[in-house]
Structures are given as structure tokens and as C-alpha cells.
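Report on one structure; see the data block that follows.
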Amino acid sequence: MRLGSKYLEFRHNAMLFVMAAVALVPFALGHLLNQRLDLALVVGLAAASFGLLAAYVLWTRSVGLANCLLMITGLVAILVAMQLQGIYAVYWAFPLILAIYLLFALVPAVVINVLALGLLLPVMVLQLPAAHSSRLLVTLALVSVFTYLFARNVQESHEALERLAEVDPLTGVANRLRLDETLQDCAERLARHGLPTSLLVLDVDHFKAINDQQGHVVGDRILAELGSILRARIRRIDHVFRYGGEEFVIVLSGTDLLRASGVAEDLRRRNAQRRFPDGVRLTVSIGVAELDRNESATAWLARADQALYAAKQGGRNRVCLADRPARASAS
Ligand SMILES: Nc1nc2c(ncn2[C@@H]2O[C@H](COP(=O)(O)OP(=O)(O)OP(=O)(O)O)[C@@H](O)[C@H]2O)c(=O)[nH]1
């Protein structure tokens with residue numbers, strides 16, 4: 001995970017490339033005015049490469065290759081400039097270290113940083129007196145370590161926020177934020193690998209009456225317990241989402257309609273036999289649908305929802321299987 005948001009990643013990176021290019025242009029011109037054509041060429045080429053990489057990223061919206069090329073170009077330019085100009089060029093290593101953490105995931109960033117410092121070190125040692133090169137090395141290493149700590153801190157906060165945003169605090173199951181994405185993944189897996197997937201939509205029967213009679217606090221505890229039951233019942237490859245108030249969606253990977261109806265029936269029976277908080281008894285109704293090759297994720301969910309509706313209409317405390325989707329008639 002990088003520091004930048006995934007959605008804006010390519011723009012964020014392109015902006016960074018443009019800023020690097022713009023920062024170098026005055027130095028290229030300065031070298032030109034001072035008749036240092038060799039340096040003007042190195043710095044000018046680096047600036048032009050960064051500009052081209054920015055255009056490439058904006059055009060393709062892909063950042064992996066451009067990030068690597070930026071790092072290589074930057075490092076080579078610093079090393080060549082150090083040969084031509086001496087120690088002044090090493091200042092560019094500081095923004096390079098920061099850029100590495102902005103452009104790469106944490107672990108690759110550490111590896112690239114160590115490699116970059118490893119390449120710079122011999123050049124610094126050869127060019128500078130020991131007192132000077134040791135100070136440079138320590139300051140570069142400290143910047144690198146501090147940047148790593150900062151990046152790790154941000155990553156941990158980011159992951160914690162992501163968990164908070166995706167998990168329903170009452171029931172401990174995922175909220176519906178990732179549901180669409182999960183259903184879409186299932187559709188792709190069916191199309192590519194023929195892997196069947198089924199969907200259960202489970203709704204507590206007469207939950208309003210439970211709330212009214214026992215109070216909302218008990219209602220909340222019942223929902224929390226139901227969330228635990230569902231999480232305990234499914235496998236690691238399955239997913240449970242709280243779809244709304246007392247409604248849950250369960251995605252069963254690699255499971256056809258027959259096996260899914262078995263899971264649904266088991267869940268229905270377990271809940272009906274259980275004593276929930278405050279001795280409350282409840283039942284659930286469940287709609288089941290297996291994903292069809294020719295339907296969208298939305299249509300699949302709608303079929304499971306219709307099956308749930310049929311279960312409610314049929315008297316509740318039951319499992320209903322969805323009909324196969326209607327085929328478009330051949331003209
Ligand atoms: N305690 C508690 N109640 C909730 C929560 N979310 C939704 N509810 C309640 O769930 C109830 C749902 O009621 P309805 O949609 O009428 O459904 P129902 O009473 O279960 O009836 P059927 O689904 O038709 O069997 C409402 O009273 C909501 O207030 C929650 O987080 N906690």
C-alpha cells in the first residue's frame with residue numbers, strides 16, 4: 001500500500017514527476033549559461049525523462065513501470081552528476097529517498113532505499129574526506145529511517161481506517177461497502193474458471209416486534225449474536241455482509257444452489273432452536289440464488305431478494321430458492 005489513495009494514484013504520481021522535472025529545468029539552464037554542457041545535458045535529460053514519464057502515466061493511467069524508470073533515471077542522473085560536478089549533486093538524494101516512499105509499497109521502498117544508498121556510498125567515499133562523507137551518509141540514512149517510520153505510521157492508520165469503514169461495528173461482519181465488489185469478483189470467477197457461487201439473503205422475522213417488546217438494546221445484542229453465528233458458520237473463502245437493519249447477505253464461494261440451500265436450511269434451523277439474549281426466540285427467512293453465467297451481479301442479488309420475499313410471503317421461517325433467470329428469447 002502506498003501513501004497516496006489508489007483512485008488518485010496515477011494523477012498523484014504524474015504530479016510528482018512534473019514537479020521533479022520543473023525543479024530541474026532552472027539548473028539545466030544554469031549549467032548551459034555557465035557553459036557546462038555535460039551537466040546541462042545530464043540534468044536536461046533527467047528533466048525531459050520525468051516530463052515524458054508524467055505524460056506516459058497520464059496517458060496510460062498505469063504507474064508501475066514509470067515509477068521504476070523514475071527511480072532508475074533519478075539515481076543514474078545523481079551518480080553521473082556526482083562524477084561531473086562533485087558533492088553538490090548528492091543533495092538530490094534527499095528528495096529521491098522521499099519519492100521512493102511516495103511511489104512504492106513499504107517493503108519494496110525499503111529495499112530500493114538500501115540499494116540506492118549502497119550505490120551512492122562508494123561514490124561519496126571516493127569523492128569526499130571521511131568526515132564529510134560520514135556525515136552525509138548518516139544524514140541520508142536518518143532521513144531514510146524517519147521516512148520509513150512515517151510511511152509505516154500512515155499505512156497502519158490507513159489500514160485501521162479501512163477496517164473501520166468496512167466492518168459493521170454492531171455485528172462484526174462486513175458492511176455493504178465491499179458487497180458490489182465481491183459480487184463482481186464472483187461473476188468474473190464464474191466466467192473465467194466456471195466456479196459456481198451462491199448468495200443467501202437472510203432476514204430476521206418480525207424483528208420490529210422483538211424490538212418493540214424487548215427494547216432496542218436487546219435487539220442490538222440479538223443482531224450482534226446473529227453476526228457471530230453467521231461468521232462462525234461460513235468458511236474463510238465465504239463472505240457475510242450486513243445488508244441493512246436485520247438483513248444479511250452471505251456469499252458462498254464454490255457452492256451450487258443445492259449445497260447453498262443446505263447451508264441456508266442449517267442456518268434457519270440453528271436460529272430457530274437457539275435462545276438469543278434475554279431468552280428471545282426468533283426465526284429467519286432466507287432467499288437463495290446461484291449466480292448464472294448470463295446475469296449481472298445486480299440481477300443475481302435481485303433474484304435472491306425475490307426468493308427472500310417469497311419466503312416471507314410463504315409464512316416466514318423458511319428457505320426459498322430463486323428461479324433460474326429468464327433467458328432473452330431468441331428472435
Ligand atoms: N435493535 C436494532 N433494530 C434495528 C436495527 N436496524 C434496524 N432495526 C429494526 O429492525 C426492524 C425491521 O422491521 P421491518 O422492516 O418492519 O421488518 P420485520 O419486523 O422484521 O418484519 P419482516 O421482515 O416482514 O418479518 C425495525 O423496527 C428497525 O428499527 C439495529 O441496528 N438495531
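The values are calculated or read from the model by the stated rules, or taken from the named source; none is laboratory data. Since we're looking at a predicted model, the values are computed, not measured. Heads up, the Cβs are rebuilt from the backbone with ideal geometry, glycines too, and the neighbour counts pull from every protein chain shown. Each accessible area value is taken on the protein alone, full model and side chains, heavy atoms only, with ligands, DNA and RNA left out. Shrake-Rupley method; radii C 1.70, N 1.55, O 1.52, S 1.80 Å.
With a simple spin-label model that places each label point 7 Å from the Cα along the Cα-to-Cβ direction, the separation between Ala299 and Arg233 comes to 2.9 nm.
With the convex hull constructed from alpha-carbon coordinates only, region 32-71 shows a mean projected area of 3.0 nm² over all directions.
Relative to the dominant Cα principal axis of the chain, helix 216-233 is inclined by about 80°. Return the tail of the calculated pair distribution for region 176-321, meaning the percent of Cα-Cα pairs more than 28 Å apart. Every Cα pair in region 176-321 considered, those over 28 Å come to 16 percent. The phi torsions of region 54-67, fed into the Karplus equation with coefficients 6.51, -1.76 and 1.60 and a -60° offset, translate into couplings of 4, 5, 4, 5, 5, 6, 8, 6, 10, 10, x, 5, 4, 4 Hz, rounded to whole numbers, with Gly and Pro shown as x. Counted by Cβ distance under 9 Å from Asn317, the other residues give a net charge of +2, where Lys and Arg count +1 and Asp and Glu count -1.
Taking 0.36 nm per residue of sequence separation and removing the Cα-Cα distance, the Thr139/Met15 pair yields an extension gain of 42.0 nm.
Region 37-81 and region 104-176 have Cα centres lying 22 Å from one another.
Ranked from largest to smallest solvent-accessible area, with a 1.4 Å probe on the protein heavy atoms, Cys68, Cys320 come out as Cys68, Cys320.
Spin-label model, Leu149/Arg259: points 7 Å from Cα along the beta carbon direction are separated by 5.0 nm. A Förster radius of 25 Å, combined with the Cβ-Cβ distance separating His193 from Val114, puts the computed FRET efficiency at roughly 0.05. Taken about its Cα centre, the chain carries a charge dipole of about 400 debye when Lys and Arg each add +1 at the Cβ and Asp and Glu each add -1 at the Cβ.
Between Arg176 and Ala272, the C-beta separation translates, for a Förster distance of 30 Å, into a calculated FRET efficiency of about 0.70. About its Cα centre, region 128-219 has a charge dipole of approximately 540 debye under the convention of +1 per Lys or Arg Cβ and -1 per Asp or Glu Cβ, with nothing else charged. Measuring nothing but alpha carbons in region 40-126 and taking Rh as the Kirkwood radius, the Rg to Rh ratio lands at 0.98.
Full extension of the chain segment joining Ala105 with Glu225 gains 39.4 nm, where the gain is 0.36 nm per residue of separation less the Cα-Cα distance.
Each residue, Val125 and Thr60, gets one label point 7 Å from its Cα in the Cβ direction; the gap between the two is 3.7 nm. Contact order for the chain, expressed relative to its length and based on alpha carbon pairs under 8 Å spaced 6+ residues apart, stands at 13 percent. The calculated 222 nm mean residue ellipticity attributable to helices in the chain amounts to -22500 deg cm²/dmol, summing -39500 (n - 2.57) over DSSP H runs of n ≥ 4 and dividing by all residues. For the chain, the longest principal axis of the Cα atoms and the long axis of helix 297-313 meet at an angle of about 20 degrees. Computed over the Cα atoms of region 9-166, the ratio of the radius of gyration to the Kirkwood radius (Rg/Rh) comes to 1.01. One quarter of the surface of the convex hull around the alpha-carbon atoms of the chain equals 24.9 nm², the direction-averaged projected area. Full extension of the chain segment joining Arg281 with Lys312 gains 9.4 nm, where the gain is 0.36 nm per residue of separation less the Cα-Cα distance. Dipole check for region 9-166: with +1 at the C-beta of Lys and Arg, -1 at the C-beta of Asp and Glu, and the Cα centre as origin, the magnitude is about 280 Debye. Just to be sure I follow the definition: excluding the sites themselves, where is the longest run in the chain that has none of the trypsin sites (Lys or Arg not before Pro) in a DSSP loop with at most 16 other Cβ atoms within 10 Å? The reported range is 62-234. In degrees from 0 to 90, rounded to the nearest 10, what is the angle of the helix 257-273 Cα long axis to the longest principal axis of the chain? Result, in degrees: 70.
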